[in-house]
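The values are calculated or read from the model by the stated rules, or taken from the named source; none is laboratory data. Computed from a predicted structure; not experimentally measured. Reconstructed Cβ throughout: ideal geometry from the backbone, glycine too, with neighbour counts over all protein chains shown.
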Amino acid sequence: MNVRKMLDSFNYAIDGIIHTVRTQRNMRIHMIAALAVLTACFFYDLSRTELLIIIVSICMVLMAELLNTAIEFTIDLSANYYHPLAKQAKNAAAGGVLIAAINAVVVGFILFWDKIWMIDFAVINKVRNSSPYTIFLILVIVTITVVIAKAYFGEGTPLKGGMPSGHSALSFSMATALTLYTGQPIVFVISFIMAFIAAQSRVDAEVHSVLEVVAGALLGMLLTMLLYTIFT
């Protein structure tokens with residue numbers, strides 16, 4: 001009987017996580033970011049301590065989002081009308097998520113920045129010696145991949161809506177390609193700001209959700225870096 005109760009407790013906990021991922025947009029974004037960071041760990045020589053810090057930071061963000069969701073559900077259950085204290089409680093819970101997320105970003109910046117630039121310099125040198133037509137070929141491949149993904153998820157059209165955002169994928173693919181091709185920090189800043197603006201415009205126009213835009217951005221950046229590594 002005790003074993004059955006223990007298994008039920010695990011099932012309830014897992015069900016709570018799944019329900020949060022299914023219903024909360026921010027939780028899905030956190031999960032995608034966590035998968036991206038954990039995948040990046042395979043490509044960098046991280047010490048045991050650095051890996052532990054990353055895992056703890058990810059867990060802190062996910063736990064904060066779960067607690068924030070639990071607080072919101074509890075408040076909505078007990079107060080089905082507007083109350084200033086309910087608003088303050090929700091804001092405080094959201095503030096806890098924000099602090100955990102900022103901490104994770106700072107940790108990632110400290111641990112990955114030097115390692116990323118060490119590898120990027122080697123890639124940049126190869127890219128500069130590659131054919132200019134490589135950029136065009138990569139953009140074509142990214143476009144085809146987006147169309148295939150839209151067909152797989154069965155949402156939107158090739159040019160509007162659906163998962164992932166094609167505009168976001170192409171914008172961040174071009175930003176990544178320009179950064180690798182020039183190797184100039186100013187180009188990196190300007191190109192990614194323009195890519196972010198393009199992605200944000202799709203959300204503002206209610207053509208895409210934040211999740212679809214983030215998925216498109218990650219697809220564009222990661223696929224471009226992978227293809228550049230292969231072609232050069």
Where Val210 falls short, out of the listed (1) buried (at least 17 other Cβ atoms within 10 Å of the Cβ); (2) touching a residue at least 24 places away in the same chain (Cβ under 8 Å); (3) farther than 11 Å from Ser171 by Cα: (1)
Search result, residues across region 197-207 that are at pLDDT 80 or above and surrounded by fewer than 22 Cβ atoms within 10 Å (Cβ to Cβ): Ile197, Ala198, Gln200, Ser201, Val203, Asp204
Scope region 3-36; condition small (Gly, Ala, Ser) and under 24 Å from Ser209 (Cβ atoms); matching residues: Gly16, Ala33, Ala34, Ala36
Hits in region 37-52 (condition: of a type in the set (Phe, Trp, Tyr) and either touching a Phe, Trp or Tyr at 6+ places or on another chain (Cβ under 6 Å) or surrounded by 13 or more Cβ atoms within 10 Å (Cβ to Cβ) (or both)): Tyr44
Say whether the condition of being assigned by TED's automatic domain parsing to the domain that holds Phe109, at pLDDT below 85 and exposed (fewer than 14 other Cβ atoms within 10 Å of the Cβ) is met by at least one residue in region 53-74. no
Residues in region 1-52 that are at pLDDT below 80, outside any helix (DSSP H, G or I) and not aliphatic (A, V, I, L, M): how many? 2
With (1) outside the structural domain of Leu226 (by TED's automatic domain parsing); (2) surrounded by 15 or more Cβ atoms within 10 Å (Cβ to Cβ); (3) modelled with pLDDT of 75 or more as the list, and Leu180 as the residue in question, which single condition is left unmet? (1)
Specify the residue that is surrounded by the fewest Cβ atoms within 10 Å (Cβ to Cβ); the eligible residues are those in region 81-108 that are in contact (Cβ under 8 Å) with a residue 24 or more places away in the chain and either among the β-branched types (Val, Ile, Thr) or not assigned by TED's automatic domain parsing to the domain that holds Tyr44 (or both). Ile99
